[in-house]
């Protein structure tokens, strides 16, 4: 349920409009993850001796999926904090991994604020992909949305942070920031994008 909730509310509002009207059908694959929390190593599920998952497995799967059809790779946040490998470097190691995997964008989750705003700003500057937070005021490095063209399709991706973010991290980490209504923010972005199409 948490995964579904994060999917619906943390990120991904895709608004698709065509640059050229065409009868041709184009499939766009949306690759998505959240709540990675820096856990890069494979693990053994309960009752199994077999290691599964891990970033090398993820990289292989991403390459195969991207090769088959036009794709976009998104993150709904909670990526940079959690495992020791991430925490030791305050999320820098995770951003480097995401750069290598060629993420298209990421929305900040509540745990992106856990190292404080100065560290978050540094991680945003290190990322080779946009980091979104349309309903966060006071952190200018966050973009509200991006528009990408993939296989002739213009796709707008808006990043919406959950309403409980200000109380899901230490209050000092979000001091001076304003978290706007997700619903109202989505409506405004939708209207803005509609005018551009």
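No lab work stands behind these numbers, since they all come straight from the coordinates. Keep in mind that this is a model prediction, so the values were computed, not measured. All Cβ positions, glycine included, derive from the backbone under ideal geometry; neighbour counts span all protein chains shown.
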Among 44, 172, 183, which one moves the most in a GNM of the chain with springs linking Cα atoms closer than 10 Å? 44
Is the range 48-120 rounded, prolate or oblate when judged by the Cα gyration tensor, a ≥ b ≥ c being the square roots of its eigenvalues, rounded requiring a/c under 1.5 and prolate requiring a/b larger than b/c? oblate
Identify which of 152, 91, 116 has the largest mean-square fluctuation in a Gaussian network model of the chain, with springs joining Cα atoms closer than 10 Å. 152
Is the C-alpha gyration tensor of the range 2-196 telling us rounded, prolate or oblate? Criteria: a/c under 1.5 is rounded; beyond that, a/b larger than b/c is prolate, otherwise oblate. oblate
Could you identify which residue out of 120, 88, 97 has the top mean-square fluctuation in a GNM of the chain using Cα springs shorter than 10 Å? 88
Sequence of 49, 104 once ranked by neighbouring C-beta atoms within 10 Å, starting from the fewest: 49, 104
Percent of beta bridges antiparallel (DSSP, the range 68-182, rounded to nearest 5): 60 percent
Can you give the % of DSSP beta bridges in the chain that are antiparallel, to the nearest 5? 60 percent
